[in-house]
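Read the structure below first, then the notes.
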């Protein structure tokens, strides 16, 4: 048996409702406090088996109106000492992450703060050097620090949940990140002319069908990793590989005035952005990530249809351009 700890602080009037909910949703009440003084908050500490976490969270939120300002915390069980059965290892350990866990993890990566800007700048500098010197190890190092996973997954998750604020934040952060990459790499190319014989550079000016497959696989791997509670560091690098190098080469070619090569790198970047976001949003839908309430689900449908249609149309357009270029 494996599970999560849910802690609740709410108005005392909801004490009986939460207690009844715990019984009907097979949640174990580890501790509870019924207030004896006016103005005090009721509190609960529940153990919920991993496959019941999302339904339990949804039921708690339906009982406690936002106007009552409840506090609901979801925490992992890191280890167990004593007891008759393990609460840590289980056949359910890789079940889908909850909507709340996904939102918390992904929304952090959509914030446009100093750390994001600094990492974008450093990744571009390192990538420019690695690409110019045809040093694969340096290019991979740049991908490790490139912060492009968060905003792209944020855009896909925001569309699925119909969260306009998350979509807006993701678009702005992603746009700023790519702009920084292109601008700095162009400036570096003006100051320090790149090696035009570098394979790492020339390979990003050649648009191939495999580029679409790589970007689609990157988006799928990223979402599967997050929704399955698996480590996402490596898929973050994979998404960065699909986005940061072509953006860097695009900027470098603009800086040196190689317009044809710049247009090829720009097309590759466009293909990768479209494919990553299209596949990520599709996997979120397939995995059943939806808003909690019926009203929110209805509002999100329009966002989903618009985004899927937009990404599909863009993907068809770039594929057609690719086919025309190959003739």
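The values are calculated or read from the model by the stated rules, or taken from the named source; none is laboratory data. The model shown is predicted, which means the values in this text are computed figures rather than measured ones. Quick reminder, even Gly has a Cβ in these numbers, built from the backbone with ideal geometry, and neighbours come from all protein chains shown.
Note on segment 104-117: residues that are closer than 17 Å to residue 175 by Cβ and more than 17 Å from the chain's Cα centre (by Cα) total 1. Residues in segment 19-41 that are under 17 Å from residue 74 (Cα atoms) and either over 32 Å from the mean Cα position of the chain (by Cα) or without any contact (Cβ under 8 Å) to a residue 12 or more places away in the chain (or both): 29, 30, 31, 32. Examine segment 136-155 for a residue that is assigned by TED's automatic domain parsing to the domain that holds residue 286, at pLDDT 85 or above, part of a loop (DSSP other than H, G, I, E, B) and over 30 Å from residue 306 (Cα atoms), and state whether such a residue exists. Within segment 136-155 (the criterion being assigned by TED's automatic domain parsing to the domain that holds residue 286, at pLDDT 85 or above, part of a loop (DSSP other than H, G, I, E, B) and over 30 Å from residue 306 (Cα atoms)), the answer is no, since none of the residues qualifies. Within segment 119-135, the set of residues being more than 29 Å from residue 100 (Cβ to Cβ) and assigned to a helix (DSSP H, G or I) comprises 121, 122, 123, 124, 125, 126, 127, 128, 129, 130, 131, 132. Of the candidates 273, 283, 241, 249, the single residue that is out of contact with any helix residue (DSSP H, G or I) (no Cβ under 6 Å at 6 or more places or on another chain) and touching a residue at least 60 places away in the same chain (Cβ under 8 Å) is 273. For segment 53-74, residues that are outside any loop (DSSP other than H, G, I, E, B) and exposed (fewer than 15 other Cβ atoms within 10 Å of the Cβ) total 7.
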